[in-house]
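These notes are about the structure you will find just below.
The values are calculated or read from the model by the stated rules, or taken from the named source; none is laboratory data. None of the values given here were measured: they were computed from a predicted structure. Please note: Cβ atoms are built from the backbone with ideal geometry, for glycine as well, and neighbour counts cover all protein chains shown. Areas reflect the complete protein model, heavy atoms only, side chains present, ligands, DNA and RNA absent. Shrake-Rupley method; radii C 1.70, N 1.55, O 1.52, S 1.80 Å.
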Amino acid sequence: MLSNRSEETARSVLFLDRSATTASSESSATVVPQTGSRHESHEQRGVSHFVRAMTSATGRAHSAFAKMRQLQRRGATIATTGDRQTLAFTLRCTPVDFPELKNYLLDAALRSVVQLAAKACGNFAQSTLSRFLCVAAGRCCYHEWELADMKPFIKDNLLRLSPEERVIDLVQSAFWFGPLSNSVYCEEARVDGISVDHLKGFVGNFGREHCTVASVGFAYDETLKLAEMIELIHEKPSAQEAVSYPKRGFEYYDLGRDSITWVAAAVQGCGTCDFSRLLKHSAVAAACGVGCAQAGQHPLDCIRHSPLAFLTEDPQTELRAFNLSYAETGVFGILARTQACTAEKATRAIIHFLSNLDKLSAEDIEIGKKRLKFGLAVHEEDCVQVAEGLALQMANNVQMDGPQESFAMVDSIATDDILATANEIVGKKADMAIAVVGDVTAVPLDVDLFKGLR
């Protein structure tokens, strides 16, 4: 059940609790500040990658060894995920362990996100974390030796980055000019140059936007205690945030001759600030085909979605649509995975398809709405996914209490409205951007690809 905002914390933290409807033995709580790689300055590019990777590092009140020892002993985990808009610090544990382990979540998140409310310290005077953070609330805790140890891990992480993750990141960098062009990954050439001062400068931006707290499976009182210990820094930004706008770019990453090639084409989408419009864009993506129905299974279980499945007869070519949204805008596109020998054909096919989305039929839209409902419900049993989803809902003043309510919202969208959204997307084809990961020699130059679009 969705809980209301507490008057004591409404000015700083929004939270949700679904403990009354969750019977799982494992539960989760997440702290999500509205700060991501788009908030990095030119000198700080790539710092958010380090912030995500250093979740388990020494904090203000607990050493890295102490945190990992206690978390592993109790079978719990703390992880940080993020994109260009947000970071999500998430604790997964049993409800019995949450009252104690939430201190470790606060130790990871408060170091980088917000400061401890002074009044909360009085309410939790018995907590070592609370007493310590009351003194150290204004100090950012990152150590040179841990940063030095983390740099080889970051380089290894970049080497292990999947081509799909890389091409999705590159197509956004190719599309945007401005803060949204900042990659969520640190460039390898910049890794050695990242310093503690860069980390401190970046996390100094935190607290200028609102932060949401959500939990799944924990008692309402425990969630409220977690929220009350967090208070945002109410400061006006020193300068107005730069606006991102399309630049019609072309990015590539060469994996060598005859390698499997990934190609992404994208146009401007919509932001999360208009949820009704976001659902329509998601329905268009689902109508195109968003991947296999057996998500998480091995490739032999994949079912190719039409109409994208009809673009090619090559069994080695996989196509799907994607829709990524941030606060005020986003990107909508088509992704292709193919062999080098068919890369040019696949690239031209997805560009042609994206330029003719208005040709989708009413039947395609109805099938897409069913796929969208499946996508909204498929992670309902994953407490981490649900908790992070709840936090994002609260950040955008949206409430969807379970699959039934989300299904009703999807069914309420008229087919004609979704078709009008597809026509709107086609109208932005002149700003299309392309990204290629794989055999870049197999794909024509961007000048040739964009002929007829502008």
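Some notes on this structure:
- Test: residue in the stretch 334-351 that is at pLDDT below 90 and closer than 18 Å to Ile425 by Cα: no
- Against the criterion of being more than 21 Å from the chain's Cα centre (by Cα) and in a helix (DSSP H, G or I), Leu71 qualifies.
- In the condition set (1) within 16 Å of Val290 (Cα to Cα); (2) open to solvent by less than 30 Å² (accessible area, probe 1.4 Å), Ala343 is compliant with all but (1).
- Any hit, the stretch 436-454, residues being closer than 28 Å to Ser173 by Cα, modelled with pLDDT of 85 or more and open to solvent by 50 Å² or more (accessible area, probe 1.4 Å): yes
- Within the stretch 213-225, the set of residues being open to solvent by less than 10 Å² (accessible area, probe 1.4 Å) and at pLDDT below 85 comprises just one member, Thr223.
- Residue check, Leu419 part of a helix (DSSP H, G or I), surrounded by 15 or more Cβ atoms within 10 Å (Cβ to Cβ) and free of Cβ contacts under 8 Å to residues at least 60 places away in the same chain: no
- Of residues in the stretch 293-320 being of a type in the set (A, V, I, L, M) and not in a loop (DSSP other than H, G, I, E, B), the one modelled with the highest pLDDT: Leu319
- Among the residues of the stretch 371-383, those that are over 9 Å from Ala283 (Cα atoms), in a helix (DSSP H, G or I) and in contact (Cβ under 8 Å) with a residue 40 or more places away in the chain comprise Phe374, Gly375, Cys383.
- Candidate set: the stretch 362-386, residues that are modelled with pLDDT under 90 and open to solvent by less than 20 Å² (accessible area, probe 1.4 Å); chosen: the one farthest from Thr94 (Cα to Cα): Val386
- Enumeration of residues in the stretch 159-201 that are assigned to a helix (DSSP H, G or I) and open to solvent by less than 20 Å² (accessible area, probe 1.4 Å): Val167, Asp169, Val171, Gln172, Ser173, Ala174, Phe175, Pro179, Leu180, Val191, Val196, Leu199
- Within the stretch 74-128, considering residues that are charged (D, E, K, R) and open to solvent by less than 50 Å² (accessible area, probe 1.4 Å), the one modelled with the lowest pLDDT: Arg111
- Note on the stretch 384-412: residues that are assigned to a helix (DSSP H, G or I) and touching a Cys at 6+ places or on another chain (Cβ under 8 Å) total 0.
- Among the conditions (1) free of Cβ contacts under 8 Å to residues at least 40 places away in the same chain; (2) polar (S, T, N, Q); (3) within 25 Å of Ala79 (Cα to Cα), Gln393 misses just one, which is (1).
- Tally of residues being open to solvent by 10 Å² or more (accessible area, probe 1.4 Å) and among the aliphatic types (A, V, I, L, M) across the stretch 352-361: 1
- Test for Ala242: is it hydrophobic (A, V, I, L, M, F, W, C), part of a loop (DSSP other than H, G, I, E, B) and at pLDDT below 85: yes
- Long-range neighbours under 6 Å by Cβ, at least six apart or interchain, first residue under 12 Å from Ala79 (Cβ atoms) within the stretch 46-61, second assigned to a helix (DSSP H, G or I) and at pLDDT below 85: Thr55/Ala108; Ser56/Ala64
- Boolean, Ala408 is of a type in the set (A, V, I, L, M) and closer than 30 Å to Thr94 by Cα: no
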